[in-house]
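Notes to accompany the following structure.
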Amino acid sequence: MTRPDQRLADAFVSLAERLRDDYDIPALLTTLADCSVDVLGVGAASVILDERPGVTVSGASDPEVAQLETEASAWREGPGYDCRRTGAPVVEAVLDGPIPRQRWRRYVPRAHTLGYTRVAAVPLRMRESPVGALVLYREGSDPLDPAALVLGQSLADAAAITLLRERELNESRTLSAQLELALSSRVVIEQAKGIISTRMALTMDESFAVLRRYARNHQLLLSTLARDVVEGRVQP
């Protein structure tokens with residue numbers, strides 16, 4: 001039998017390695033939900049992430065819980081929505097209580113139909129800004145151990161670090177590709193200027209003016225026109 005501390009260590013390793021090969025955000029969120037169920041002693045877990053404005057991505061340990069969280073996001077109800085909005089944890093709420101019933105009018109009945117009586121949530125944060133939430137669902141009347149909520153926050157933080165690392169890596173790749181393209185375009189433009197300068201007995205500045213005027217008149221990108229000149233498709 002796997003020891004609890006070994007399961008916890010395995011959970012953190014799984015979160016750290018989840019995006020190593022493929023940038024699959026839903027798979028990472030599902031891994032976070034599954035790990036939470038495995039080590040926190042909850043009945044189910046779901047994760048919802050605001051990937052970019054107007055676009056959310058989710059993962060869950062159970063398809064019905066995933067559907068509930070999607071509906072809750074549309075209703076703007078539930079601990080997950082509140083946690084994402086405020087960036088603060090939602091300490092375990094008893095769904096039979098009057099406050100949750102009044103605050104989450106549609107969410108509470110749906111959670112009850114799935115057999116859950118208690119819910120809690122902790123935020124996913126990137127650079128201290130809330131970008132999502134890990135929602136924990138429980139059955140029965142026993143309260144959630146406060147230490148489990150702290151550990152849930154640690155799992156959420158580990159997942160957020162992995163997401164941030166991959167996001168920064170992708171941004172770096174994009175910037176590198178843009179710089180490479182800009183350098184390549186610059187080289188081709190200089191080559192085209194040289195060809196025009198030689199054939200038309202112009203200075204390099206005059207050659208660039210000819211190139212730019214032709215590109216503007218024919219609604220062409222300067223780099224595209226320059227490549228056509230270098231490759232002989234357009235005669236200066």
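Side notes on the structure shown:
- Condition broken by Val94, with the remaining ones in (1) over 27 Å from Leu164 (Cβ atoms); (2) open to solvent by less than 50 Å² (accessible area, probe 1.4 Å); (3) aliphatic (A, V, I, L, M) satisfied: (2)
- When Trp75 is tested against (1) at pLDDT 65 or above; (2) open to solvent by less than 10 Å² (accessible area, probe 1.4 Å), only condition (2) is not met.
- Filter result for the condition that a residue is under 24 Å from Ala27 (Cβ atoms) and hydroxyl-bearing (Ser, Thr, Tyr), over Thr162, Thr113: Thr162
- Complete set of residues in the range 184-203 that are farther than 20 Å from Leu220 by Cβ and either open to solvent by less than 80 Å² (accessible area, probe 1.4 Å) or part of a helix (DSSP H, G or I) (or both): Thr198, Thr203
- Selection of first residues in the range 90-117 that are among the acidic types (Asp, Glu) and of second residues that are modelled with pLDDT under 90 and assigned to a helix (DSSP H, G or I), restricted to Cβ pairs under 6 Å at least 6 apart or on distinct chains, gives an empty result.
- Of all the numbered requirements in (1) at pLDDT 85 or above; (2) open to solvent by less than 70 Å² (accessible area, probe 1.4 Å), Arg167 misses one, and that requirement is (1).
The values are calculated or read from the model by the stated rules, or taken from the named source; none is laboratory data. Since the model is a prediction, treat every value here as computed from it, not as a measurement. In this analysis, Cβ positions are derived from the backbone assuming ideal geometry, glycine residues included, and neighbour counts consider all displayed protein chains. Just so you know, the surface numbers come from the protein's heavy atoms only, side chains and all, with ligands and any DNA or RNA stripped out. Shrake-Rupley method; radii C 1.70, N 1.55, O 1.52, S 1.80 Å.
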